[in-house]
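Heads up: the structure comes next, in structure tokens.
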Amino acid sequence: MYVCAGERQAAYATRDGVEQVESGDRYTGGSMRFAPIAVTGVVAAMDLRTNQRLWSQRWSSRCYSGLVATAGDLLFAGRNDGRFTAMDSRDGTKLWEFMTDAGVNAPPTIFEHEGEQYVTVFSAGNLLEGSSRGDSMWTFKLLEEGEETSIPLEQITPPQPNTEGLALFRQTCVFCHGLRGEGGHNGMPLEGLAAFSTDQVASIISKGQNSMPAFADTFTASQIRSIAEHVRTLNRGIPNRNSR
């Protein structure tokens, strides 16, 4: 069995005159205080047949993630700072690590698709742990021999004013997003979209996202790109709060 835990020191006290409870019942007549020292994390492997600890690690912050082990001796764990880590389940040696954009406090999931094994994890943070918040899903698999280990990044060009996009936006989009992209009704504010590529914004317009409907049957691909280029010019100085 693999254990993910936090370790901290605390003091417990009771009060005079509190009626004692039966063993196993809830007791609410005491108080608790935590010592003003940092909480550390513990990851350990236990042999439940002998109740012996096979190996353990102490982390600088609490382990607040579910663990998952594979038949191939891999152990996956999330970290509060956003790291997603693979270890050798036999001795805890770190084999691989990837930095996500938020605290990884949800348990990873292993699944098979079309004969290949994947691991996926939700990176969103946790209110109780205070880790960075987000809303992203990360999926990984082992590369076959000869596969590329890097993904070419899409080039993001500065947004340019687009007359056709402006006209179509005023015709269709202002009712939800506002004339200046300030948002309203059910439409989110259009902020900081210059940080996204025209292709990415066009894909959202075409396919829809969350409560926004798809417009692939309403506009041509060229018109959708014009709208995407226009909305990228809106509110450029405001960081995007909806990208997660």
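Just a few scattered comments:
- Straightening the chain between Arg133 and Asp16 buys 37.8 nm, computed as 0.36 nm per residue apart minus the Cα-Cα spacing.
- Selection from Met1, Val174, Gln20, by position along the positive dipole direction of the chain (Cβ): Gln20
- For peptides 126-137, 193-204, sequence by mean Cβ density within 10 Å, most packed first: 193-204, 126-137
- Computed over all pairs of different Cα atoms, the Kirkwood value for the hydrodynamic radius of segment 163-231 is 11.8 Å.
- Each peptide in 164-170, 89-95, 74-80 gets a packing score, the mean of other Cβ atoms within 10 Å over its residues, and the list from highest to lowest is 74-80, 164-170, 89-95.
- Rough spin-label spacing in nm, given labels placed 7 Å along Cα→Cβ, for Met1 and Thr28: 3.0
- Label point distance in nm, Leu143-Ile110, each placed 7 Å from Cα along Cα→Cβ: 2.2
- Residue order for Phe122, Phe111, fewest other beta carbons within 10 angstrom first, comes to Phe111, Phe122.
- Ordered by the count of other Cβ atoms within 10 Å of each Cβ, fewest first, Asp47, Asp88, Asp16 give Asp16, Asp47, Asp88.
- Debye-formula intensities of the chain, expressed as log10 I(q)/I(0) at q = 0.12, 0.15 Å⁻¹, are -0.90, -1.08 (one equal scatterer per alpha-carbon, no solvent).
- Cysteines of the chain lacking any other cysteine Cβ under 4.7 Å from their own Cβ: Cys173, Cys176.
- Ranked by how many other Cβ atoms sit within 10 Å of their own Cβ, fewest first, the residues Ile156, Ile37 fall in the order Ile37, Ile156.
- Counted residue by residue at 0.36 nm each, then reduced by the alpha carbon distance between them, the extension gain from Asp47 to Thr70 reaches 6.6 nm.
- Compared with the dominant principal axis of the Cα atoms in the chain, helix 198-207 is inclined by about 90°.
- Phi-based couplings in Hz for segment 51-61 (Karplus 6.51, -1.76, 1.60; Gly and Pro marked x): 6, 9, 7, 7, 7, 8, 10, 10, 9, 6, 9
- Net lengthening on full extension, Glu164/Asn186 (0.36 nm per residue, minus Cα-Cα): 5.5 nm
Read-outs throughout are calculated quantities, based only on the coordinates presented, and are distinct from any laboratory measurement. Predicted model only: the values in this text are computed from it and were never measured. Cβ atoms come from the backbone with ideal geometry, glycine included; neighbour counts cover every protein chain shown.
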